[in-house]
Amino acid sequence: YMQFSTTANKLATTNTPPLGLKFLIAKAFKSFHKLLNYFPLPHISNYSFSQQLVAAMDMVKRLVAEKPVVIFSQSNCCMSYSVKSLICSFGANPTVYEIDKIPNGQNIERALLQLGCRSSVPAVFIGEQFIGGASEVISLNVQNKLSQLLIRARAIFIWS
């Protein structure tokens with residue numbers, strides 16, 4: 001608490017951010033470039049930060065467009081596990097991107113936020129449409145609508 005209070009007082013009395021903040025911003029920017037190397041984009045070094053965010057959003061849209069069911073998850077999240085298990089119980093084979101395992105997955109999470117997802121995982125897309133998180137998927141299942149979405153997305157073919 002004392003260290004935070006001292007930092008807050010410094011911020012209040014100066015117009016420049018503390019060195020630590022500059023370091024974190026630089027580190028985040030550098031990590032973002034690592035993510036973009038993992039998912040290559042043309043001439044990325046010429047992009048501004050906002051253009052890179054747009055590029056990351058486009059990358060998420062491309063990942064979602066490639067498969068009928070895509071789940072952005074974290075490997076240690078019990079709700080993500082439950083949603084994956086529920087969707088698999090229908091016979092679907094979702095494509096799962098563990099954002100805590102992808103280099104600097106925080107940027108993917110930021111892109112998901114920009115696309116309208118909540119910050120919590122899982123973020124479920126069925127047929128390129130954002131469905132929501134665990135509560136929305138479970139609600140659709142209780143209403144017997146999840147199977148129909150999976151059929152329309154061609155993730156499954158027959159459900160009784």
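What to note about this one:
- Scanning residues 5 or more positions from GLY132 or on other chains, those with amide H under 5 Å from its amide H are VAL124, with H placed 1.01 Å from N in the peptide plane.
- By the rule of a C-alpha distance below 17 Å, with chain neighbours fewer than 8 residues away ignored, the aspartates and glutamates paired with LYS61 are GLU98, GLU109, GLU128.
Where a number appears in this text, it was derived from the coordinates with a stated rule and is not lab data. Keep in mind it's a predicted model, so treat the numbers as computed, not measured.
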